[in-house]
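Read through the structure below, which is laid out as structure tokens, and then see the notes.
All of the numbers you see were taken from the coordinates with simple rules; none came from a lab. Predicted model only: the values in this text are computed from it and were never measured. Neighbour counts run over all protein chains shown; Cβ positions are idealised from the backbone, glycine included.
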Amino acid sequence: MTPNDARAPLPPDLVIAHTNDYSTACRLRDDGYEPIECAFGQHGSVLGRYALDHHGTESHREGVALRACRDLYGACRKDRRFVVTGTPDADAVLAIVALAGLVSKGALSETFYRLVDRQDVDPIGLDLFEVSGGPELAWFNQRPELHPTEAGFRRALADMVHLLTDGVPNAELDRTLASDRNRRKRAVEGIIALYGWSGVRQTPPGNPELSPVRRGVDVLAAPAAVLVVQSTVWGFDVWYRLAPVVVSYAQRQAKVTVGCPDKETAELLFGPGGLMAVWPLLGVGWGGRESVGGSPRGVRLALTDTEDTARSVLACLAERSVRGGESSQPGVGRERPSR
Ligand SMILES: [Mn+2]
């Protein structure tokens, strides 16, 4: 079955330029293309007329689909040229659909675009299969051809238009749920070790999905501190139910990632700057953001290194004694001395 063949084609004046190059994105922007989520690491963001990015230095801005659907519907209908980078995620794709007016305004429900925004900005603890519009969004996220190319974006745009105008047949939503159940199962199978706050190894619970995702001060009630996983699937929505710090090993890239559910939680556990205080302790070249990061680019690590990383993280937690029990306001007055 090739459902896309039966769908309405994208309009001929819609131009999608995909680039991984900062100066190319700048040049296209200067030519009148509207950049959508064009963040280029240390170069920063390429912003057009509507400043449609919310990464890095632009993280104070609201998400792009939210702004495009709510405030900017049809704003680019007369000049439908866009420059993009990276993979076609739902946020960027829905933003283009709205700006270019590829569907009627009535097809853009507030429930759906707010859900796309939430999933983009803060996905941990969100179960798409329990909210309105969620199964449809999960269907989009599972499209197999969301490649970081112009063709990938065009396919994603066609899929999004299809979702918004025709809806997704129930049989396809059923397959989406089955596939997601399988992903969660594999995420659980990837669990290697669970450590309590004192560093003692624990037996992981049989069904992690019964535990809540804890964030902010609630993490101090979590029975465990650090979870070590090795998995071929994305499983942070499952793993953060077991511990507020996840150390994961990606075998294919031979890379170790350390993450917390969000910045607030990371700062509660590790002090101001969150994991920024931890990276130097893990070795040369480790780095990332306050809530997530990992081993140096180009350095191949082994699974045993993952256990060492977990030990170092546990040592940081022990030193800060965030769960010391002598204060009802954990962390206050006990910051790491700066040096
Ligand atoms: Mn986004």
> About its Cα centre, what dipole magnitude does the chain give when the only charges are +1 on Lys and Arg Cβ and -1 on Asp and Glu Cβ, stated in debye to the nearest 20?
Replying inline: 540 debye
> In square nanometres, what is one fourth of the surface area of the convex hull spanned by the alpha carbons of the range 226-286?
Replying inline: 4.3 nm²
> Treating the beta-carbon of each Lys and Arg as +1 and of each Asp and Glu as -1, no other charges, what is the dipole magnitude of the range 3-168 about its Cα centre, to the nearest 20 debye?
Replying inline: 500 debye
>> Classify the range 89-152 from the C-alpha gyration tensor, please: rounded if a/c falls under 1.5, else prolate or oblate depending on whether a/b exceeds b/c.
In response: oblate
>> Under a crude label model (7 Å from the Cα following the beta-carbon direction), how far is S321 from E172 in nanometres?
In response: 5.8 nm
> Against the longest alpha carbon principal axis of the chain, how many degrees, from 0 to 90 and to the nearest 10, is the axis of helix 170-189 turned?
Replying inline: 20 degrees
> Taking only the alpha carbons of the range 3-168, what extent do you get along each of the three principal axes, in Å, biggest first?
Replying inline: 41, 37, 29
> Do the sum for the chain: with -39,500 (n - 2.57) for every DSSP H run of n ≥ 4, divided by all residues, what is the mean residue ellipticity at 222 nm, to the nearest 500 deg cm²/dmol?
Replying inline: -10500 deg cm²/dmol
> Can you sort H55, H60 by how many other beta carbons sit within 10 Å, fewest first?
Replying inline: H60, H55
> Put +1 on the Cβ of every Lys and Arg and -1 on every Asp and Glu Cβ in the range 3-168; which of G167, P88, L28 then has its Cα farthest towards the positive end of the dipole?
Replying inline: L28
> How big is the antiparallel share of DSSP beta bridges in the range 186-320, given as a percent to the nearest 5?
Replying inline: 75 percent
>> Below 8 Å, C-alpha to C-alpha, sequence gap of six or more: please give me the relative contact order for the chain in percent.
In response: 11 percent
> What is the Cα convex hull volume of the range 186-320 when expressed per residue in Å³?
Replying inline: 92 Å³
> If you plug each phi of the range 129-139 into the Karplus form 6.51 cos²θ - 1.76 cosθ + 1.60 with θ = phi - 60°, what whole-Hz ³J(HN,Hα) values come out, in order, with x for Gly and Pro?
Replying inline: 7, 10, 10, 5, x, x, x, 5, 5, 4, 4
>> Going Cα to Cα from K185, which lysines come in below 26 Å? Please leave out same-chain ones fewer than 8 positions away.
In response: K255
> Which distance in Å, rounded to a whole number, links the C-alpha centroids of the range 203-217 and the range 5-78?
Replying inline: 38 Å
> lysines within cross-link reach of K105: Cα-Cα under 18 Å, excluding same-chain residues under 8 positions apart?
Replying inline: K78
>> Over the Cα atoms, compute the radius of gyration (one decimal) and Dmax (the largest Cα-Cα distance, rounded to a whole number) for the chain, in Å.
In response: 21.6, 67
>> When a/c reaches 1.5 or more, the comparison of a/b and b/c decides; with that in mind, is the range 75-181 rounded, prolate or oblate per its Cα gyration tensor?
In response: prolate
>> Among T304, G259, V278, which residue has its Cα furthest toward the positive end of the charge dipole of the range 186-320, with +1 on Lys/Arg Cβ and -1 on Asp/Glu Cβ?
In response: T304
